[in-house]
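Novice: Below are the structure tokens for one structure; questions will follow.
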Amino acid sequence: MNVEFVNTLSDNYAYLLLPAGSDAVAVVDPGEAAPVLRALAKHQRRLTHVLLTHHHFDHVGGLSEFVATFPDLVVVAHEVDAAQVKGVTHRVVHDDTFIVGSATVQVLSVPCHTRGHVAFLTAGKLFTGDTLFSAGCGRFFEGDATQMFHALDVVIGGLPEETEIYCGHEYTEANLRFAASIEPGNLEIEAHASWARSRRADGLPTLPSTLRAERSFNPFLRTRVPAVANAVGCSSERPVEVLAALRTLKDGFRA
Ligand SMILES: [Zn+2]
Ligand SMILES: [Zn+2]
């Protein structure tokens, strides 16, 4: 399974999923159509699936053009968020699976940023939309810290350490500035920030990350680390409170 990055809007990523031994293509979160169509044109393949992590416009904006262009397109979204997106054909819930070409894709329900937010897992690669970012996490627009904690700690956190993380936005550098403000003594944050800076200077994405790497520098996955809990005035025994405090601080953080 190859994955291709497509830059959309100002800092969103759509992804082309190119399963081996098949001419199918899925696109994850097409915020706009034109760049995705340009990327598709380089392949002798047909777009069969659109996978939507959640209903926000910067993730679904290209959909209507695809529906008009590709008949028989399968458009996948969680049944809750599907109600807010025109053109969804395949409503899913947690643990559903479906096939794209030769690949099986599993749905993981991770509500909080939106009530019907999902992540898609295939071939050890996880597409996290606006739930998990590299060095950060999404805003709690339609949920609370308990839900986000469950999403990050249990659902995503239960996956193998080497799981590759593909996020909905290129937010890594700004997120690492916040991470450094929480844990100024964490050398992993410093090292990753300098790597991210050089990647961005070369016009390259800072993704995919891995769960193992995120656990070393992402404060939202480090809520049980005493240094992180202390920095937000909470106890590491109460990681949900740490997560809530981190999110509140990040909302007001200007690097
Ligand atoms: Zn969003
Ligand atoms: Zn977004």
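Novice: Pick out the one residue from 84, 106 that is among the polar types (S, T, N, Q), open to solvent by less than 70 Å² (accessible area, probe 1.4 Å), more than 14 Å from the chain's Cα centre (by Cα) and closer than 27 Å to residue 243 by Cβ.
Specialist: 106
Novice: Looking at (1) under 16 Å from residue 58 (Cβ atoms); (2) of a type outside the set (D, E, K, R); (3) outside any loop (DSSP other than H, G, I, E, B), which one does residue 176 not meet, given that it meets all the others?
Specialist: (1)
Novice: Looking only at region 3-37, count every residue that is over 17 Å from the mean Cα position of the chain (by Cα) and under 17 Å from residue 165 (Cα atoms) and tell me the total.
Specialist: Total satisfying the criteria: 1.
Novice: OK, next. When you look at residue 213, is it under 22 Å from the mean Cα position of the chain (by Cα), closer than 25 Å to residue 29 by Cα and part of a helix (DSSP H, G or I), yes or no? So that I can check it myself, show each step before the final result.
Specialist: Working: under 22 Å from the mean Cα position of the chain (by Cα): yes; closer than 25 Å to residue 29 by Cα: yes; part of a helix (DSSP H, G or I): yes.
Criteria met by residue 213.
Novice: From the set of residues in region 109-146 that are within 15 Å of ligand 2 (Cβ to nearest atom) and of a type in the set (Ser, Thr, Tyr), which is farthest from residue 222 (Cα to Cα)?
Specialist: 114
Novice: Do you know which of the residues in region 48-74 that are within 10 Å of ligand 2 (Cβ to nearest atom) and either of a type in the set (Ser, Thr, Tyr) or touching a Phe, Trp or Tyr at 6+ places or on another chain (Cβ under 9 Å) (or both) is most open to solvent (accessible area, probe 1.4 Å)?
Specialist: In this case the residue turns out to be 56.
Novice: Going residue by residue through region 147-158, is there one that turns out to be within 16 Å of ligand 2 (Cβ to nearest atom) and assigned to a helix (DSSP H, G or I)? Step through it out loud before you land on a result.
Specialist: As a first pass, look at region 147-158 and keep what is within 16 Å of ligand 2 (Cβ to nearest atom): 148, 151.
Going one step further and asking which of them are assigned to a helix (DSSP H, G or I), we end up with 148, 151.
Checked region 147-158: at least one residue is within 16 Å of ligand 2 (Cβ to nearest atom) and assigned to a helix (DSSP H, G or I).
Novice: Step by step: first the residues of region 124-146, then only those that are more than 16 Å from the chain's Cα centre (by Cα) and part of a loop (DSSP other than H, G, I, E, B), then the one that is farthest from ligand 1 (Cβ to nearest atom). Which residue is that?
Specialist: Within region 124-146, the match that is farthest from ligand 1 (Cβ to nearest atom) is 144.
Novice: If the Cβ limit is 8 Å and pairs must be 6+ apart or interchain, which residue in region 229-255 that is closer than 17 Å to residue 171 by Cα and open to solvent by less than 80 Å² (accessible area, probe 1.4 Å) pairs with which residue that is of a type in the set (A, V, I, L, M, F, W, C) and assigned to a helix (DSSP H, G or I)?
Specialist: 246/182; 246/220; 246/228; 247/145; 247/148; 247/220; 250/178; 253/178
Novice: Can you give me the number of residues within region 159-190 that are open to solvent by 60 Å² or more (accessible area, probe 1.4 Å) and free of Cβ contacts under 8 Å to residues at least 24 places away in the same chain?
Specialist: Matching residues across region 159-190 total 3.
Novice: Please count how many residues of region 198-214 are surrounded by 14 or more Cβ atoms within 10 Å (Cβ to Cβ) and farther than 22 Å from residue 158 by Cβ. Quick ask: steps written out before the conclusion?
Specialist: Step one: filter region 198-214 for residues surrounded by 14 or more Cβ atoms within 10 Å (Cβ to Cβ), giving 199-200, 205-211, 213-214.
Of the ones still in play, those that are also farther than 22 Å from residue 158 by Cβ are 199-200, 205-206.
Of the residues in that region, 4 qualify.
Novice: Can you pull out every residue in region 10-31 that is within 16 Å of ligand 1 (Cβ to nearest atom), buried (at least 20 other Cβ atoms within 10 Å of the Cβ) and either among the β-branched types (Val, Ile, Thr) or assigned to a loop (DSSP other than H, G, I, E, B) (or both)? Spell out how you get there, then give the answer.
Specialist: Pass one, region 10-31, residues within 16 Å of ligand 1 (Cβ to nearest atom): 10-15, 28-31.
Add one more test, that the residue is buried (at least 20 other Cβ atoms within 10 Å of the Cβ), and what stays is 12-15, 28-31.
Hits for region 10-31 are 28, 29, 30, 31.
The values are calculated or read from the model by the stated rules, or taken from the named source; none is laboratory data. Note that the structure is predicted; figures quoted are calculated from it, not measured. Virtual Cβ from ideal backbone geometry, glycine too; neighbours counted across all protein chains shown. Accessible surface is based on the protein model in full, side chains and every heavy atom, while ligands, DNA and RNA are left aside. Shrake-Rupley method; radii C 1.70, N 1.55, O 1.52, S 1.80 Å.
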